[in-house]
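To start, the structure itself, in structure tokens.
The values are calculated or read from the model by the stated rules, or taken from the named source; none is laboratory data. Since the structure is predicted, the reported quantities are computational estimates derived from the model, not experimental observations. As a convention, Cβ positions derive from the backbone with ideal geometry for all residues, glycine included, and neighbour counts pool all protein chains shown. Ligands, DNA and RNA are excluded from the accessible area calculation, which covers all protein heavy atoms including side chains. Shrake-Rupley method; radii C 1.70, N 1.55, O 1.52, S 1.80 Å.
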Amino acid sequence: MLTWRRLHVKASAVHGLLTSRLVTEQHTWVHGHLPLCQSLSTGTPVRNDFFKDLEAQFAAARQKAADAMPGSSWSPIEINPNLPPERADIVIVGGGVVGWSIAYWLKQKERVRGALKVVVLEKDPTYAQASTVLSAGGIRQQFSLPENIHLSLASADFMRNINDYLGVLDEEPIDLQFNHSGYLFLASEDVAHIMEENYSTQRDAGAKVSLLSPTQLKEKFPWINTDGVVLASYGLENEGWFDPWTLLNAFRRKAMSMGVVQCCGEVTDFKYSVNRAMTTEGKSLDIRRIKSVKVQMPNSLEYQPVECAIVVNAAGAFSSKLAQILRVGSGAKNTFEGISLPVEPRKRFVYVFHCPDGPGLDTPFLVDYSGVYFRREGLGGNYITGASPEEEKEPDPGNLEVDHEFFMEKIWPNLAHRIPAFEKLKVRVETLSSSLVVFNLSGAADLKTKV
């Protein structure tokens, strides 16, 4: 009897649920859903749906309880997986080819694998405005300083054997598309003596360079108009151009395979301590020691402080701006603390043009004494060109808009004069670009007086 009563209570409860559900659905039928009301007349589908929903809720509750147990990864607060680590030994600010090269060599020199934690920060993950990938990709030894020549010779050897350095197991070999066509500098009578001085320096440093008279120049490159050319300097080895995007990715891929951490974000502040020291002249000097960097995540209000021992400024054209956050150069004039980092951005335009009758495969990276340069781009009659503007007419580096008038007024007349075939060139508007380059103020005098 007791058992029957319990069954009766359960049946009554279920009946009450079904009655309530049917009334609700009947109300829906009044608004025009007759088929739905008819399908619920037996009550069986409603009962099945009810128990299915109930079981699903129990399953979700059991899973949430299990996730909340110690040792699980469940957290009521969502963690951004793209945040940089909270601690690192070295933070490199700037993910261009220089930043990733530094990261690679740091890991290459560590004595114990994994002993050094290196983080590379790059604010532009697309590299759409990076100087590395927007550059002409040239390499040369025709400099006026022996230090630059030796560095370039070592770089050429590194690039020639790049897979021995940057090759990664089970990955495709690196092809920099290195074109060994050399650099060709043209000098007028006003600067020919400087070219001769530089030639002696380059040969003494081990560079393979040859001087050409106008007659020799015309014999080797008949497509050149030698009018106004007194002397030419031609690189015989280790000079040309390559794909800078491939080089950047090769450094990055290898460094990350060695344990370097890549993060996207912009350094907006530093946490540092200040110690006061005395100079030999008896003047006080504030020495700041960095404790952490504040990394602002892209397109977000979120940021992450990263504790570190060393910060490497590899921000390229923006290096001075980064140093200003540390108050470098904020002191009084004519004092050590008032010396700012002598680097500022300069905007340069690169134009791509097409000329089917232009110079062929033997075309070097030509630099005219007017300041205009050009080189071949691929095999389809395409070329790239550019020039540095006069110092008093430097364009605004605040944007990367291309100045078309600069090409028409400054570049094309000089190109057509030096290479007559370029009188019929056609600019490819879809591939025009501009970039920010590093300008070292301390070396400005040398850049002006040397070829």
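For the stretch 106-161, filtering for residues that are assigned to a helix (DSSP H, G or I), of a type outside the set (A, V, I, L, M, F, W, C) and more than 30 Å from ALA309 (Cβ to Cβ) leaves 6. Pairing residues of the stretch 281-293 that are more than 20 Å from VAL120 (Cα to Cα) and loosely packed, with under 13 Cβ neighbours inside 10 Å with residues that are at pLDDT below 85 and among the β-branched types (Val, Ile, Thr), at Cβ distances under 8 Å and at least 6 apart in sequence or on separate chains, gives LYS283/THR335.
Among the residues making up the stretch 400-427, those that are part of a helix (DSSP H, G or I), open to solvent by 30 Å² or more (accessible area, probe 1.4 Å) and basic (Lys, Arg) are LYS410, LYS424. With respect to (1) buried (at least 16 other Cβ atoms within 10 Å of the Cβ); (2) farther than 22 Å from ILE102 by Cβ, the lone exception for GLY338 is condition (1).
Taken as a whole, the stretch 158-176 holds at least one residue that is within 29 Å of the chain's Cα centre (by Cα), in contact (Cβ under 8 Å) with a residue 12 or more places away in the chain, open to solvent by less than 60 Å² (accessible area, probe 1.4 Å) and farther than 21 Å from TRP241 by Cβ. Among the residues of the stretch 224-256, those identified as in contact (Cβ under 8 Å) with a residue 24 or more places away in the chain and open to solvent by 50 Å² or more (accessible area, probe 1.4 Å) are ASP227, VAL230, LEU236, GLU237, TRP245, ARG253. Each residue in the stretch 343-379 was checked for being open to solvent by 50 Å² or more (accessible area, probe 1.4 Å) and either at positive phi or assigned to a loop (DSSP other than H, G, I, E, B) (or both), and 7 of them qualify. Looking across the stretch 258-279 at every residue that is of a type in the set (A, V, I, L, M, F, W, C) and open to solvent by 40 Å² or more (accessible area, probe 1.4 Å), the one that is modelled with the lowest pLDDT is identified as MET278. Name the single residue, out of those in the stretch 125-134 being surrounded by fewer than 19 Cβ atoms within 10 Å (Cβ to Cβ) and touching a residue at least 12 places away in the same chain (Cβ under 8 Å), that is farthest from PHE349 (Cα to Cα). Ranking the qualifying residues of the stretch 125-134, first place goes to PRO125.
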